[in-house]
Amino acid sequence: MKKTQEKGEYYKMLIAAIFMILIIILVINSTKLLKKNAEVFVVADGAVYYEEPAEGYIIRDELLLQGESYKNGMVKVASDGERVAKNQVVFRYYSNSEETIMKQINELDEEINEIIENSGMPFVSSDISSLDSQIEETIDSMLNINYLQTIYEHKNKIEAYISKKAQITGMLSPEDSYIKQLTNQRNSLEKELENGSEIINAPKPGSASYRIDGLEEVLKVGNFEYLSTELLESFDIKVGASIPLSNEKGKIVNNFECYIATSINTEKARAAKVGDYVTLRLSSSDEIEAKIVYIKEENDNRILVFEIRENVADLLEYRKISFDIIWWKYNGWKVSNSCILETTKNDNEISYVEKNAAGYVEKVLIKVLRQNESYSIVRNYEKEELREFGYTEDEIADMSEIDLYDEIIQH
């Protein structure tokens, strides 16, 4: 009887032990399941920015060009944005007999080009082939344009290409040919036109521009002391609006550098210093390096002037633009801030993440190098750094590390 009782107690204890083991296994598996189903972030090479939006005015080294015959209208010899050399013709004003002479020149161009098309001339010039391609490309680019001013500019380009084609053909033709006679007539008419016109040359090299907004003599380079928030806010200009094209005057613009002035009141702007380099992201998404060359303190704002030497030609069309100031940019292993947790060791706050290692969760200490609102650049701690926190050699030996493409758990 006693043996039977002991045997019964033994089985009860065995069943209880098995039951406890099953509960432990269930708890462990449940924990693993939660970790497996948790969202993860994959460690990858990337960049973290600290950026702020801004608006600013473009200040250029620009020299206005205007002659006495500006009321006559102009012929733009150099196209808008074209680089010109010193003393090169930029534009000329119409002469009194302009309309009659131009009509004769256009008729000669048509006749010359008609002969070219129908004669199957034996010579082929690379310049002519290039002009033909440019004419075709310009015509193709006009198909989906609705803006009248742009259509007008393209029309002028095509006429200029056709004119150049006629001139080149005349130069390549034999002296006694009919095309040569027509070309000589054309040259005589052009000389007559030039003699009766006021020609405006470039006093210095740069980019020719006909986009005039009246601020060329207001926003000057060199000494920026005149700048103020009140002055900048007084200009009635929309962000990203194109400067209108003028038919009375032009200008020569320094095509190597320009400046952007902004009025801003942020912590980063207040900490900025002359000589600092930042990155500006333009509306085109291009990121360009900029140097802070001037700072002016005001009651509520700071005037910052950035010098840029990239994308200068792309900005010729605009006076006021929006952009992002990237105060710093850091490259390395990028992780989401939602993955980073905090622990302490000897009163030191230490960041760590939980790595998903084949279904098991491993705690990994990490050093945060840079951080913005959403992401951080991190690395593993060096052994010496861990010793300074007070970790023993055995503890350090047992620690896991993160690597590229590891999965870490988001919280």
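Computed FRET efficiency, Cβ-Cβ of Glu225 and Asn201, R0 25 Å: what is it to the nearest 0.05? Please list the in-between numbers first.
Values: r = 33 Å, r/R0 = 1.32.
Result of the calculation: an efficiency of 0.15.
With a cap of 12 neighbouring Cβ atoms within 10 Å, and only residues DSSP puts in a loop, list the trypsin sites (Lys or Arg not before Pro) found in segment 206-248. Show your work: numbers first, answer last.
Working: sites: Arg211, Lys220, Lys238; in loops: Lys220, Lys238.
In loop regions of segment 206-248 (DSSP not H, G, I, E or B), the sparsely surrounded trypsin sites (Lys or Arg not before Pro) are Lys238.
Of all GluC sites (Glu not before Pro) in segment 207-248, which ones are in loop regions per DSSP and have a Cβ with at most 14 other Cβ atoms within 10 Å?
Listed in order of number, the matching sites are Glu217, Glu225.
Between beta-carbons, use under 10 Å as the cut-off and find the net charge around Thr229, counting Lys and Arg +1, Asp and Glu -1.
Numbers: positive: Lys296, Arg302; negative: Glu230, Glu233, Glu298, Asp300.
Net charge in that neighbourhood comes out at -2.
Could you check the simple spin-label distance between Asn346 and Val368, using points 7 Å along Cα→Cβ, in nm with one decimal?
2.2 nm
Using every Cα-Cα pair within segment 265-305, state what percent have a distance larger than 12 Å. Please list the in-between numbers first.
Numbers: 503 of 820 pairs.
For segment 265-305, the share of Cα pairs beyond 12 Å comes to 61 percent.
State the volume of the convex hull built on the alpha-carbon positions of segment 295-411, expressed per residue in Å³ and rounded to an integer.
Working: hull volume 24.9 nm³, N = 117.
Convex hull of Cα atoms, per residue: 213 Å³.
Report the gain in length on full extension from Glu384 to His411: 0.36 nm times residue separation, minus Cα-Cα distance, nm rounded to one decimal. Numbers along the way, then the final one.
Values: separation 27, 0.36 × 27 = 9.72 nm, distance 2.94 nm.
So the extension gain works out to 6.8 nm.
Measure off 7 Å from each Cα along the Cα-to-Cβ vector at Lys103 and Leu404, then give the distance between these two points in nanometres to one decimal.
Calculated label separation equals 7.2 nm.
Restricting to DSSP loop positions (anything but H, G, I, E, B) with no more than 14 other Cβ atoms inside 10 Å of their own Cβ, which trypsin sites (Lys or Arg not before Pro) remain in segment 268-297?
Working: sites: Lys268, Arg270, Lys273, Arg281, Lys291, Lys296; in loops: Lys273.
Filter output for segment 268-297: Lys273.
All other residues with a Cβ under 15 Å from the Cβ of Ile325 taken together, and with Lys, Arg as +1 and Asp, Glu as -1, what is their net charge? Mind dumping the intermediate values first?
Details: positive: Lys268, Arg270, Lys273, Arg281, Lys291, Arg302, Lys329; negative: Glu51, Glu52, Glu55, Glu267, Asp276, Asp286, Glu287, Glu289, Glu307, Asp324.
The answer is -3.
So if each residue of separation counts as 0.36 nm, and I subtract the Cα-Cα distance between Val239 and Val274, what length gain in nm does that give?
Working: separation 35, 0.36 × 35 = 12.60 nm, distance 2.60 nm.
Computed gain between Val239 and Val274 is 10.0 nm.
Take the alpha carbon atoms of segment 312-334, find their center, do the same for segment 230-271, and report the distance between the two centers in whole angstrom.
What the calculation gives is 15 Å, centre to centre.
A 18 angstrom limit on the alpha carbon distance is what I want to check against. Which of Lys291/Lys329; Lys204/Lys249; Lys296/Lys329; Lys76/Lys251; Lys191/Lys249; Lys273/Lys296 exceed it?
Working: Lys291/Lys329 15 Å; Lys204/Lys249 16 Å; Lys296/Lys329 25 Å; Lys76/Lys251 12 Å; Lys191/Lys249 23 Å; Lys273/Lys296 11 Å.
Correct reply: Lys296/Lys329; Lys191/Lys249.
Roughly what would the spin-label model give for Tyr70 and Lys86, points 7 Å off Cα along C-beta, in nm?
2.5 nm
With +1 on each Lys and Arg Cβ and -1 on each Asp and Glu Cβ, how big is the dipole of segment 319-411 about its Cα centre, in debye rounded to the nearest 20? Kindly include the intermediate steps, with their values, before the conclusion.
Working: 12 positive and 19 negative charges, 183 e Å.
Approximately 880 debye in magnitude.
Can you sort Cys258, Cys339 so the residue with the fewest Cβ neighbours within 10 Å comes first? Provide the component values of the computation, followed by the final result.
Values: Cys258 22, Cys339 25.
Ranked by crowding around the Cβ, least crowded first: Cys258, Cys339.
Considering the alpha-carbon set of segment 364-404 alone, what are its Rg and its Dmax in angstrom?
Taking only Cα atoms of segment 364-404, I get Rg and Dmax of 11.7, 36 Å.
No lab work stands behind these numbers, since they all come straight from the coordinates. What you are looking at is a predicted structure, and each value in this text was computed from that prediction instead of being measured. Here Cβ is always computed from backbone atoms with ideal geometry, including for glycine, and neighbour counts include all displayed protein chains.
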